[in-house]
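Below is one structure; the comments refer to it alone.
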Amino acid sequence: MTTHLITPSRRTFLTAGVGAGAMAAMLAACGRGDAAPNSGGGGTGTGDDGGGGGPITMRTALWGNADRAQLYEEAAAMFAETLEEDVTFDMSFAELGPYLERLATTAAANDLPDVFFMRDTHVGWYGQSGSLLDLTPYLGDIIQTDQIGDAAIGDGTVGEGVYALPTHYVGQALFYDVEMLQEAGIDGTAITTWDDLAEAARAAHGVREGIVGLDDPTMDNATQRFLEAYIRQAGEEVFTPEGGIGFSEDTIGSWLEFWHQLRSDGVLTPPDVSLENDAAGVAGSMIATNRCALALMSTNHYVQVLPVTQNELALASLPVLPDGTEDWWFFPPILICAGANTQHPEIAAGLINFLVNDTAAGEHTLLNQGAPSSAAVRDAILPLLDDGQRAFVEQISREQEYPRRPFPVRPEGSEEVNASIGRNSTAVAYGQMSVSDAASAIVAESKAAMGGA
Amino acid sequence: MTDAARADIVLMNAARAAGRRRASWRRFGKHVLLVLGGLLMLYPLLWMVASSFKPEALIFREPGLLASEFTTENYAFGWDFLRRPFSWYITNSLIVVAGAVIGNLVSCSLAAYGFARLNFKFKNLWFAIMLMSIMLPIHVIIVPQYILFSNIGWINTFLPLIAPKVLATDAFFVFLMVQFFRGIPRELDEAARIDGAGHPRIFFRIMLPLSVPALATTAIFTFIWTWNDFFSQLIFLTHPDMYTVPVALRTFLDATGQNHWGPMFAMSLISLAPLFLIFLFGQRFLVKGIATTGIK
C-alpha cells in the first residue's frame, strides 16, 4: 500500500467535503449564469430595480408551446418600446397542466409573475385568495374598456374586484363535413336545433365506409362547454353567481339521454376511440381526420383543423333548444391578469391594455389564443386572415351580437364538477351506468364538491 | 455384459437423451415466452422510435410500427424548435445531473459514515427523523423550498436543484449507504485504527474503496432520477434559457393548441441516449460485488 506523507486531519477532511459541495454549486452557478440576465433575482424579480429609474425586468407567463411564447414575447417587446422606462419582459411558458402547477406554487410563495395569462376556470380561486392585482383603479384610465364591453369586465370580476380581463374569446361550434352531408341529403346550414343535429347524424352515419355520424363530446372531462351551453339554453346555470350548483337533475338527464339515444342507434364514436382521440389533440380528432361527418368543437379549433383536414369542413353555430332561452350565449375567455406582488402595477396594467386593445399587438398575435376580445382589434385583423380564420372570427363577432346574460365566474371546486360530469358520462358511454343514475350521481357529487351548495 | 444389461443401458441412454431433448425444448419454449414478453414491454419504446420517423400527420392516423412514409424531418425540426438548439437543454440537464451526482456521492457517503460508524447523542432519533423525510411527498416541501430559494435569489439558477444534494437531503441514498457500511466488517476499521488511521483515513482508505457498488448505485440512480425529474425543475427554472430536457420536451405540447408529437418523440429519443449509456457503463459496477471484502 502506498503511503502518503500528509495525514488528512479532521479539518482537511471537512474541507474536502465542503470543497466538493462548493465546486458543485459553482458549477451550477457558472453554468448558464449569462443565460438569464436579471431573471434570477428572486422575490418579485423586480424588487430592487424599481423606482430608481434603472432598468426594470418584469416577468410574464403564458401557457402554450414555444410558438405562442415567441409571438407574445415579441408583442411584449413592442410594448416595451413605447415606454419611457427601460423595461424588459421575461417570458416563461409551459403547457397548461404544468403551467397551473407552477402558478400554484409561486402564488403560495407570493412570487407570481407580474403579468400572466389565467384560465377562466381558475380566476375565481386566485381572485378570492388575494394573489391577483385588482385592476379596478386602472379601468377606463390605463386600461381602455370601450371596445371589450361590460360582459368582458364581468368575465374577470370576482367579488368586488376586477382581477382579470379577456384578451381573447373562444366559443362552441358545430363542424360538419360538407360533402358527406350532401351525400346524406342533409343541408348543413339548416341544422339549428339539437333534434336537427340528431337527424343529420343518423342520416350521415355510414354514408361512406367507416364514417361515424357524430363525434361523442360527452367523455371530455376538461371543460364541458357543450353541456354548459345546453344547460344555459334550458334556462339554468352550471354554477350560480354565489358559487353553488345551478343545474337540475332533469336537465343533465335529458342531455345524457340525448347522447345515449344516438349511441344506442350506433351513430356516435365508440367510447374506446373517443378515449384514444383525447391524446391526439385537435389535429388528430375525428373530424380533422375525416372519420366523422359532424362534431361539436371549440370555434377556434376550426383554424387548427383546416390545415390538416383533407375534406371540406364548414363551421356553424351550436344547435339550440327550440323553446330554450335566447340569451344563453357565452364565450369562454382567455384572461390576462397581474400578480398582486408586482412592483410596477402601472406598467403591468399598461401591458394588459396593450395586449387587449392594441391593434398592432393583435395584428402580430392574430388568432393564436382565439378571437380578440376587442371589437376594434377583430376588425383590424380581418384583412390579414385567410378564409378559415375569417370564418372563425366572423362567427364569434356575429354570435357576440346576441343577447347574453352574465356568465358566472367559475368558483373554487369547479374542476371537480367537470371531472364528475366526465366520469359519469364515460360510465354511461360504456354502459356501466344508467342515464338516471348518472344524472343523480353528477348532481350529488357536484353539490358535495361545491360544499353542499 | 449380458444382453439384458446392455439393453438396459441403451434404454437408459435413450431415456436420458429424450429427457435432455425435453429439457432443451422446455428451455426453448421459455426463451420464446421471455422474448415475447420482452417485446411486449419494449413496444411503447419501439412505437416512439417508429413515430419519431413518421410525418406528423401519420402518427395517429397509422398507429402501427410501420408507416407508409419515412422522414427525418422531426429530428431537424425538433432540434431547432425552441429558442436554443436542443443541445442547450441537454447541457442544462447535464449540469444539474453532474451537480446532483457529485453532491449526493460526497454528502450521502459522509452522512452514512456518521450513522454507521460514529457514536453521538440521539443517533437513533436522528436516523429515524432522516428516514421519515423519505416519506414526505415533493408537493409538501416544494412550497417552503420555493419561498426559501426565492428569498435568497436562487430561482432560475441550478442551485435549488443541486445545493440540497450537497447537504445529504436524499435520505434514500444515505439509508442505502448506511446499510452497506454496516455490512463492512468492523475488524477492517479496527485494523486500520491500530495502524494509526483516524476517521478520515478509514473513510477514504477503507470504506469508500469497499463501497463501490453502493456508490455506483447512488450515482446511477441519482443520474436517472435527476435526468427524468420534471416537477422541481419546472418550478425552479422558469426562464426558457434555463429549461432542462424534461421541461423543454413538454413545450412541444400544448393541450389548447397545436401539439408537435413527432419532434417531441424525436427529441425524447435523443434524450434517452445518456440514460442508455449510463446503464451500459454503470451496470458492471453494480454487479461487481462485495467479493473483494477482506475478511470472510
**OP:** Evaluate E = 1/(1 + (r/R0)^6) for B:Leu148 and A:Ala77, where r is the Cβ-Cβ distance and R0 equals 51 Å; express this FRET efficiency to the nearest 0.05.
**Re:** 0.95
Subject >> Cα centroid separation - the stretch A:379-408 against the stretch A:284-324, whole Å >> reply: 16
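Would you mind telling me the share, in percent, of accessible area of the protein assembly as shown contributed by carbon and sulfur at probe 1.4 angstrom?
C and S atoms contribute 60 percent here.
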Original post:
In Å², rounded to the nearest 100, what is the total accessible surface buried by chains B and A against each other with a 1.4 Å probe?
Top reply: 4600
Original post:
Given springs between every Cα pair under 10 Å in a Gaussian network model of chain B, which of B:Arg27, B:Arg117, B:Arg16 has the largest fluctuation?
Top reply: B:Arg16
Original post:
For B:136-149, what's the mean count of beta carbons from other chains sitting within 10 Å of each residue's beta carbon?
Top reply: 3
Original post:
Helix-derived [θ] at 222 nm for chain A: sum -39500 (n - 2.57) over DSSP H runs of at least 4, divide by residue count, nearest 500?
Top reply: -13000 deg cm²/dmol
Original post:
Along the stretch B:197-209, what does the Karplus equation 6.51 cos²θ - 1.76 cosθ + 1.60 (θ = phi - 60°) give for ³J(HN,Hα), rounded to whole Hz, x for Gly and Pro?
Top reply: 7, x, 4, x, 5, 4, 5, 6, 9, 10, 5, 4, x
**OP:** May I ask for the distance between the Cα centers of the stretch B:148-185 and the stretch A:218-275, given as a whole number of Å?
**Re:** 49
Original post:
Within 10 Å of each Cβ of A:59-68, how many other protein chain Cβ atoms are there on average?
Top reply: 5
Original post:
Ignoring ligands, DNA and RNA, what accessible area per residue does the stretch B:119-208 give at 1.4 Å, in Å²?
Top reply: 56
**OP:** Normalise the Cα radius of gyration of the stretch A:133-288 by 2.2 N^0.38 Å (N = residues in it) and let me know the number.
**Re:** 1.32
Original post:
Peptide A:88-97: average number of partner chain Cβ atoms within 10 Å per residue?
Top reply: 5
Original post:
Roughly speaking, what is the stretch gain from B:Arg27 to B:Ala192, that is 0.36 nm per residue apart minus the C-alpha to C-alpha distance, in nm to one decimal?
Top reply: 54.4 nm
Original post:
Given R₀ = 22 Å, FRET efficiency for B:Thr91-B:Met48 by Cβ-Cβ distance, to 0.05?
Top reply: 0.45
Original post:
Tell me, what is the FRET efficiency for B:Ala128 and A:Ala448 to the nearest 0.05, using R0 = 35 angstrom and their Cβ-Cβ distance as r?
Top reply: 0.35
Subject >> Per residue, in Å², the accessible surface of chain A once ligands and nucleic acids are set aside, probe 1.4 Å >> reply: 40
Subject >> B:Asn13 versus B:Arg182: modelled label distance in nm, points set 7 Å from Cα along the beta carbon direction >> reply: 5.8
**OP:** Equivalent ellipsoid semi-axes for the protein assembly as shown, as square roots of 5 times the alpha carbon gyration tensor eigenvalues: give them largest first, rounded to whole Å.
**Re:** 54, 40, 24
Original post:
Which distance in Å, rounded to a whole number, links the C-alpha centroids of the stretch B:1-51 and the stretch A:130-153?
Top reply: 77
**OP:** For helix A:10-31, report the angle its Cα long axis makes with the longest principal axis of the Cα atoms of chain A; keep it between 0 and 90° and round to the nearest 10°.
**Re:** 50
Original post:
How fast does chain B diffuse by Stokes-Einstein, in µm²/s, taking the Kirkwood radius from C-alpha pairs at 37 °C and 0.692 mPa s?
Top reply: 138
**OP:** Measure off 7 Å from each Cα along the Cα-to-Cβ vector at A:Val178 and A:Asp86, then give the distance between these two points in nanometres to one decimal.
**Re:** 5.6
**OP:** Please give the helix A:249-264 orientation as an angle from the longest Cα principal axis of chain A, in degrees from 0 to 90, rounded to the nearest 10.
**Re:** 70
Original post:
Got a sec to turn the phi values of the stretch A:112-125 into Karplus ³J(HN,Hα) couplings, 6.51 cos²θ - 1.76 cosθ + 1.60 with θ = phi - 60°, whole Hz, x for Gly and Pro?
Top reply: 5, x, 5, 10, 7, 7, 9, 6, 5, 6, 10, 5, x, 5
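The values are calculated or read from the model by the stated rules, or taken from the named source; none is laboratory data. Everything numeric in this text was worked out from a predicted model, so none of it was measured. Note that we place each Cβ from the backbone using ideal geometry, even for glycine, and neighbour counts take in every protein chain shown. Surface accessibility is based on the protein's heavy atoms, side chains included, excluding ligands, DNA and RNA. Shrake-Rupley method; radii C 1.70, N 1.55, O 1.52, S 1.80 Å.
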